[in-house]
Every structure is written in structure tokens, then in C-alpha cells.
Amino acid sequence: MILAKNILKKVSLGILSLLLLGGIFGGGFYFGQKNNALLSAFNRPLAYSEDAAVATGETGSNLDFNLYWQVWDTLKSNYVDKNKIDDQSLFYGSLKGLAEATGDPYTIFMDPSEAKEFSDDLAGTFEGIGAEVGIRNEMITVVAPLDGMPAQKAGLRAGDKIYAVDGTPTIGLSLNAVVKKIRGPKDSVVVLTIIRDEEKPREIEITRSVIIVKSVKTELRSDGIFIIKVTNFNDDTEGLFEKAINTALTKNPKGIILDLRNNPGGYLETAVNMASEWVKEGPVVAEQFGGNKRQEYFSNGNARLQNFPTMVLVNGGSASASEILAGALRDYKKGTLIGEITYGKGSVQTLRNLDGGASLKITVAKWLTPAGDFINEKGLEPDIEIKMTSDDIDNDLDPQMKKALELLKAQK
């Protein structure tokens with residue numbers, strides 16, 4: 001996913017939705033200023049008029065917004081359990097439907113509680129199972145179980161299709177609705193019915209927990225190879241990555257393995273800054289808006305890691321900001337991609353804060369690599385393809401890491 005801390009920062013969360021969580025790994029986000037444009041549920045707007053259409057440039061549509069209020073009043077008057085519905089729930093529900101009507105799973109209206117959950121996700125603290133999900137071929141699909149979290153420990157894998165949550169089928173439900181069903185307080189249990197490859201459906205029972213994730217982990221091996229594992233591009237990532245850079249500059253490793261597997265994304269600015277530690281100059285990523293408008297984001301010129309041989313590990317759980325970083329290193333020949341084809345999350349969202357603590361996330365662009373590749377829905381192909389088999393996982397084997405180590409040890 002691609003997110004932004006302010007209007008200048010974007011993120012590549014793309015996709016997805018942190019289950020444990022509640023965030024959405026959507027492609028990219030701009031965090032804008034408070035938007036007062038949404039109407040109040042209790043102050044009815046005027047019916048749609050041709051004058052209003054001309055004023056807003058929305059000519060060609062004959063819309064009667066009185067229809068909205070007709071439905072509102074009919075529900076309030078005739079719904080069998082009308083005493084169980086309230087104005088705010090109706091209002092927020094209608095805004096959710098408005099966003100869903102775009103047909104884009106990453107354009108989402110979030111009510112105040114959902115917006116807070118999303119913010120907590122970016123801070124790296126939440127309660128849930130520790131996995132991110134998205135929609136692939138109209139099925140809710142696991143993008144990335146986070147390392148060491150309940151989902152991974154229970155056996156959930158990237159690519160698993162979630163058919164049901166606690167016995168309730170997910171078909172026809174929005175991504176956000178499924179995430180809400182999977183989330184829950186620590187020590188509670190959720191049962192996911194999943195379909196893996198061509199196998200029969202199976203149930204996986206997961207005990208939720210408090211998830212606190214440090215997004216960067218490092219290991220300086222005795223053979224002089226430095227491993228940097230980046231799990232997300234969150235609030236803490238740049239500070240932790242700076243420490244990793246200092247270690248590399250001080251210890252002068254033989255080579256670096258940048259592990260982006262099962263990384264669902266995060267802040268675009270963070271991905272750009274990290275790529276800049278290998279790429280001296282030039283664009284790191286470009287965004288393609290409607291009307292052929294394009295915006296490029298350039299290296300900041302640090303390039304402190306440019307002379308270290310680098311292997312980049314990727315898989316089907318590497319998405320958005322991960323793909324931006326991997327794509328830049330591939331295009332500038334600063335890193336060899338090893339593993340499996342990445343997720344293919346190549347759209348960008350803006351995030352607008354609204355009245356009352358709500359938020360609206362809108363897809364506004366697609367992004368492409370420095371070489372001009374659109375990766376949306378197709379992903380990045382690794383330079384060296386090595387798949388992880390079920391036997392590898394069951395026996396705690398890592399042929400992708402093994403290959404990266406072999407290549408770096410062979411460096412003269």
C-alpha cells in the first residue's frame with residue numbers, strides 16, 4: 001500500500017487490509033487537510049439542478065437527489081426493526097455505499113472508529129491476527145502474514161483465499177467488512193476457512209493478540225553478509241533503517257540482502273528515501289494520473305549503500321511500497337531480485353480526513369517504475385525465480401535466502 005503522512009507524503013499500502021489491523025494496503029495515499037465538503041445528515045441538500053450541474057461541471061447527468069431522501073424516509077418509517085437503526089449509522093452506511101459504487105476495492109469511506117484503526121495500523125500497534133489481505137480475482141486473499149504473528153504461527157500463508165470467517169462466507173462482502181470480522185480483541189479466537197491452491201477448503205483457528213511490529217530487523221552474519229528485513233513502511237521505518245545504514249557503513253559487510261517478502265507496503269516517501277540509499281540520481285517512481293498527467297519522485301542523492309552488492313528477496317506478499325523499492329533497485333541495476341513474482345499493487349490513493357473523525361480514501365493514480373513499467377495486477381518478475389514449496393515451509397527451509405547468500409559469497 002502507499003500512504004502519506006501529510007499532503008506531500010504518500011504511501012504504498014495499497015492493497016490491502018491489515019487484518020489484525022484494519023488498514024488497507026491500497027496503493028498509495030495522500031493525507032490531506034480536513035475536508036468539510038461532505039453534507040451533514042441532518043441538513044438536507046437541495047435537489048439536483050441544472051444550474052448546480054453547470055456550476056460544478058457535472059453536466060450530462062439528470063440526477064434527482066430527492067431520491068436519497070425518499071429512501072431515507074422510507075427506511076425510517078417502514079423498516080421492520082426501525083427502532084434498531086439510527087441516523088448516524090444510516091448516514092455512514094450511505095457514504096460507504098457511495099465509495100463502493102466506484103467498483104474500486106481501495107476507494108473506501110471509513111467511519112471514525114475505522115479511521116482510528118487505520119491510524120493505529122500505521123503506528124504499528126493493533127489487536128488482531130497479524131496479516132494483511134486484499135482482493136484478487138474477486139476473492140479475499142491473504143497478501144502477507146506478518147512474521148512471528150498469530151496468523152503465521154497458525155499456518156496462514158500468502159495467497160490463501162479466505163472463503164469464510166467464523167462460518168460466514170466472504171463472497172459478496174467488501175474488503176472492509178471482512179477485515180472487521182477478522183479483527184477482534186486479544187485472546188479471542190477467529191476461525192478462517194481458506195482455500196490454498198487446488199486443495200480442499202480447510203479451517204484455521206487463530207487466537208488474536210496485541211500486535212506490535214518493529215518494521216526493520218537486521219542481522220550481521222559471521223560471514224560478513226548483512227541482512228535487512230523490512231516488514232512494512234510505517235512510522236518507525238525510516239529511523240530503524242537509518243540505524244541499519246549506520247551499521248553497514250561501520251561494519252562494511254561483504255554484501256546486503258534486503259528482504260521485502262510479505263511486506264504489504266506503507267509510506268511512499270519512505271520507499272523513495274530508502275531507494276535513494278542505492279540510487280544516486282534520477283526518478284525512483286512516477287505516478288500516472290488521468291489526462292496523461294505524470295508526477296515523478298526523484299532520488300534524494302544520498303546513495304550511501306550504492307557500492308554494496310545487494311540481493312532483494314520478494315514474493316507474492318511484496319506489494320505497493322515494497323514493489324516501488326524493488327522496482328527502482330532492479331531498473332537501476334542496484335539489486336538482483338530473487339524469489340517469486342510480487343503482488344502487483346500499482347494504484348495510488350489519497351486519504352482525506354473528514355468531519356467527525358471519518359476518512360475517505362480515493363484511488364487517484366497508478367504508479368510505474370523508473371523504466372516505465374506499470375505493475376498493477378501483474379507484479380514484478382524476479383531476476384532469479386525460486387519458489388517456496390510447502391515442504392520448504394514445513395521443514396523451515398529458505399531456498400530464496402540460500403540463493404542470495406550463495407550469490408553474495410561468490411562476489412570477488
If residue 241 satisfies every condition in (1) of a type outside the set (Val, Ile, Thr); (2) touching an Asp or Glu at 6+ places or on another chain (Cβ under 9 Å); (3) over 20 Å from residue 400 (Cα atoms); (4) modelled with pLDDT under 95 but one, which is the exception?
-> (4)
Kindly provide the set of residues from the range 171-194 that are modelled with pLDDT of 95 or more and either small (Gly, Ala, Ser) or surrounded by 15 or more Cβ atoms within 10 Å (Cβ to Cβ) (or both), ordered by number.
-> 188, 190, 192, 193, 194
Is at least one residue of the range 67-74 polar (S, T, N, Q) and either within 24 Å of residue 262 (Cα to Cα) or modelled with pLDDT under 90 (or both)?
-> no
Index of the failed condition, residue 379 passing every other in (1) crowded, with 16+ Cβ neighbours inside 10 Å; (2) at pLDDT below 90 | (2)
Can you find a residue in the range 298-310 that is more than 24 Å from the chain's Cα centre (by Cα), part of a strand (DSSP E or B), among the β-branched types (Val, Ile, Thr) and modelled with pLDDT of 95 or more?
-> yes
Qualifying residue in the range 211-233 (condition: over 30 Å from residue 304 (Cβ atoms) and either without any contact (Cβ under 8 Å) to a residue 40 or more places away in the chain or surrounded by 15 or more Cβ atoms within 10 Å (Cβ to Cβ) (or both)) = yes
Is it the case that some residue within the range 173-189 is closer than 24 Å to residue 121 by Cα and without any contact (Cβ under 8 Å) to a residue 12 or more places away in the chain?
-> yes
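So that you can scan it fast, the table gives a plain yes or no per residue for (1) of a type in the set (A, V, I, L, M, F, W, C); (2) touching a Cys at 6+ places or on another chain (Cβ under 6 Å); (3) touching a residue at least 12 places away in the same chain (Cβ under 8 Å):
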residue	(1), (2), (3)
355	no, no, yes
368	yes, no, yes
390	no, no, no
400	no, no, yes
405	yes, no, yes
In the range 341-359, is there at least one residue being modelled with pLDDT of 95 or more, within 22 Å of the chain's Cα centre (by Cα) and surrounded by 18 or more Cβ atoms within 10 Å (Cβ to Cβ)?
-> yes
Look through the range 99-131, keep the residues that are of a type in the set (Phe, Trp, Tyr) and in contact with a helix residue (DSSP H, G or I) (Cβ under 7 Å, 6 or more places away or on another chain), and return whichever of them is modelled with the lowest pLDDT.
-> 126
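Kindly provide the set of residues from the range 325-342 that are in a loop (DSSP other than H, G, I, E, B) and in contact (Cβ under 8 Å) with a residue 12 or more places away in the chain, ordered by number. First the steps, then the outcome.
Here is the first cut: in the range 325-342, the residues in a loop (DSSP other than H, G, I, E, B) are 332-335, 340-342.
Within the range 325-342, 332, 334, 335, 340, 341, 342 meet the criteria.
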Can residue 248 be described as of a type in the set (Gly, Ala, Ser) and not in a helix (DSSP H, G or I)?
-> no
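The values are calculated or read from the model by the stated rules, or taken from the named source; none is laboratory data. Source: prediction; values computed, not measured. Here Cβ is always computed from backbone atoms with ideal geometry, including for glycine, and neighbour counts include all displayed protein chains.
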